[in-house]
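Contents: one structure, followed by commentary.
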Amino acid sequence: MVERILADGRYNLIFAPHQRLVERAPELRGFVAGLAGRAGVHADLDSFAMVDGSYTAAADLYLGDTSSQVVEYMMRPRPCVFLNALGADWVGDPSYAMWGAGAVVDSLDALIPAIDAAPALHPGYRGFQTRFVETALGDVSGGAPARAAQAVLAALR
């Protein structure tokens, strides 16, 4: 996936896989070391930005499989492309419910065309994304964050 995107040359890539992946696939460190200095890619396996929302805030498109980070990303609805690398029978499976938020690709040949099409197709996914985030996190708009901050401040007083 990373090599396809970099070979295409039109997209910048933040490659920040789930921190548990490195534990299960230590060879990933060597792969990431090989990305050092290559144009168009920022690779990270260890920094705090992996978990603080920096990457989800900066991204114009979410590309991945199943991750809680996609919920954080969709708090501001944007295009998504999901990778069905394991050939999951995902339709109707609640473990893959988030895949209703964007295109799902089953092959590397479909990856770049899906990325290309994602911005134009996004309006068709926006409503799903908004509902998905509201179900997962509750009301994150309409003043809820400000009310929560006021409640914390009141408790501290």
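Quick notes
- Some residue of region 141-154 being hydrophobic (A, V, I, L, M, F, W, C) and in contact (Cβ under 8 Å) with a residue 24 or more places away in the chain: no
- Of residues in region 45-66 being out of contact with any Asp or Glu (no Cβ under 9 Å at 6 or more places or on another chain) and among the aromatic types (Phe, Trp, Tyr), the one nearest to Pro26 (Cα to Cα): Phe48
- Highlighted here are the helices (runs of 4 or more DSSP H) found entirely within region 71-157 that include at least 1 residues which are surrounded by 14 or more Cβ atoms within 10 Å (Cβ to Cβ) and at pLDDT 95 or above: 111-121, 123-137.
Residues checked against (1) over 27 Å from Ala120 (Cβ atoms); (2) over 16 Å from the mean Cα position of the chain (by Cα); (3) among the aliphatic types (A, V, I, L, M):
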residue	(1), (2), (3)
Asn12	no, no, no
Arg20	yes, no, no
Gly40	no, yes, no
Leu45	yes, no, yes
Asp60	no, no, no
Thr66	no, no, no
Cys80	no, no, no
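The values are calculated or read from the model by the stated rules, or taken from the named source; none is laboratory data. What you are looking at is a predicted structure, and each value in this text was computed from that prediction instead of being measured. With ideal geometry, Cβ positions are generated from the backbone for all residues, glycine too; neighbour counts draw on all protein chains shown.
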